[in-house]
1. Among the listed residues 162, 135, which satisfies the condition of being exposed (fewer than 10 other Cβ atoms within 10 Å of the Cβ) and in a helix (DSSP H, G or I)?
2. Would you mind telling me which numbered condition in (1) modelled with pLDDT of 95 or more; (2) farther than 23 Å from residue 108 by Cβ; (3) in contact with a Pro (Cβ under 7 Å, 6 or more places away or on another chain) residue 63 fails?
3. Can you name the number of the only condition in (1) touching a residue at least 40 places away in the same chain (Cβ under 8 Å); (2) more than 30 Å from residue 124 (Cβ to Cβ); (3) of a type outside the set (Gly, Ala, Ser) that residue 187 fails?
4. Restricting to region 267-306, give me the number of residues that are in contact with a helix residue (DSSP H, G or I) (Cβ under 7 Å, 6 or more places away or on another chain) and either modelled with pLDDT of 75 or more or closer than 19 Å to residue 255 by Cβ (or both).
5. Restricting to region 77-132, what's the tally of residues that are open to solvent by 70 Å² or more (accessible area, probe 1.4 Å), under 58 Å from the mean Cα position of the chain (by Cα) and not aliphatic (A, V, I, L, M)?
Amino acid sequence: MSRGGGKGQSLKDKLDGNELDLSLCDLNEVPVRELAALPKATVLDLSCNNLISLPSDFCSLMHLVKLDLSKNRLQQLPLDFGRLVNLQHLDLLNNRLVTLPVSFAQLKNLKWLDLKDNPLDPVLAKVAGDCLDEKQCKQAAVKVLQHMKAIQSEQDRQRQRKLQAEREMEKKREAEQRAKEAQERELRKREKAEEKERRRREYDAQKAAKQEVEKKTKKETVQTRKPASSSRAPQPPRHKHSWSRSVLRILLFLLLCVLCVLATCKLTELQRQPLCVSVNTLYEDVVAALQNHKTLQNMLQQNSQQ
């Protein structure tokens, strides 16, 4: 375990002005809480310890200006290491670092950097250089910052492209959803129209069938009434014909009666009766009138022939 607890109790004793030397203390952990209580300690030396990693709250020590982490066993730096914006001097000699966090690009005040003796990524190692003197270490700080800014910019661009792609994908999904909803609405509308048309056809068919039944019923009713109507229709002529026959029969009957009366008055002993005398007289007058009429016709015919 760390011995930082015991050392933390005497941190103020180790403070020399603004410099705090915790090198060669066999530390496994950084006493961040105690360091945060010493904002005057802007120069911190943690070299030659057994540090494998730095806690995330180490980046809250934003008052640090110079930091020496050389000759430890650090495998990586915290992702938000760039929060140490006041840092100007950083010594990471002889650790186990392969890469640096992207937030390293935010160390805008960094003027000096040593990354020697780390299994760095070849690209990063080439950018950092050898750092064999003060000048090279200053150049390393500038070049590494530029490199990390380029990486950060590329990541930002990738992030933006990803966000843009996600937005476009989302828009595409929304467009597809809208198209699908519009298609479903159109389908429902078409189905509703078809259902309405089907119901209308059923209504028309039922109405036509009803009318056909009514027409058929009416036709049958007319057909059942037609014989009676046809039998009654010729009744007036038949009645007229019957009436004329009746009249003729009456006339014949009267004529027969007259002949009978006449025969009775001519041939029987009743001829001397007053009635028969009148009948005989009338008969003789009629016969005389007919003879006179016939004589007149003959005279007229003779006159016309002359």
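1. Details: 162 fails: exposed (fewer than 10 other Cβ atoms within 10 Å of the Cβ).
135 is the lone residue from the list that is exposed (fewer than 10 other Cβ atoms within 10 Å of the Cβ) and in a helix (DSSP H, G or I).
2. Every listed condition holds for residue 63 apart from (2).
3. (1)
4. At the first step, the residues of region 267-306 found to be in contact with a helix residue (DSSP H, G or I) (Cβ under 7 Å, 6 or more places away or on another chain) are 270-271, 276, 279-280, 283.
Those still in the list that are either modelled with pLDDT of 75 or more or closer than 19 Å to residue 255 by Cβ (or both) too: 276, 279-280, 283.
Number satisfying all stated conditions: 4.
5. Within region 77-132, residues that are open to solvent by 70 Å² or more (accessible area, probe 1.4 Å), under 58 Å from the mean Cα position of the chain (by Cα) and not aliphatic (A, V, I, L, M) number 5.
The values are calculated or read from the model by the stated rules, or taken from the named source; none is laboratory data. Not measured: the values here are computed from a predicted model. Ideal geometry is used to build each Cβ from the backbone, glycine not excepted, and the neighbour counts take in all protein chains shown. Areas reflect the complete protein model, heavy atoms only, side chains present, ligands, DNA and RNA absent. Shrake-Rupley method; radii C 1.70, N 1.55, O 1.52, S 1.80 Å.
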